[in-house]
Amino acid sequence: LNQHNLSFDEIHLNGGDTYHFKTKLFEEKIEELGVHEFVMYDDRQEHLPKFEEWATTQPCVVTIVDVVNKTTKTFNN
């Protein structure tokens, strides 16, 4: 990353189940930052229905972008 002059506030590496890793991280960030709206992008078709179900349990508006089909779904809670 440094060789290409890329800088990030945080870097998170997954060593296990991707879906559970992402939802746990997203929940931590939503709580930590106190966001009112959360937008996520994903390309794994098998995860999108799980993310949609997860979105309905969050304390904020969640928009899921399916980057393969170029569609979005928003869940208001």
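Keeping the other protein chains in place, figure out the carbon and sulfur percent of the accessible area of the chain, with a 1.4 Å probe.
The nonpolar share, carbon plus sulfur, comes to 51 percent.
Order 49-60, 25-36, 1-12 from most to least packed using the mean count of other Cβ atoms within 10 Å.
Ranked from most to least packed, the peptides come out as 49-60, 25-36, 1-12.
Once the mean 1/r over all distinct Cα pairs of the chain is inverted, what Kirkwood radius in angstroms do you read off?
13.7
The values are calculated or read from the model by the stated rules, or taken from the named source; none is laboratory data. The shown structure was predicted, so the numbers you read here are calculated from the model rather than taken from an experiment. Neighbour counts are summed over all protein chains in view; Cβ atoms, including those assigned to glycine, are modelled from backbone coordinates with ideal geometry. Please note that ligands, DNA and RNA were not included when accessible areas were found on the heavy atoms of the full protein model with its side chains. Shrake-Rupley method; radii C 1.70, N 1.55, O 1.52, S 1.80 Å.
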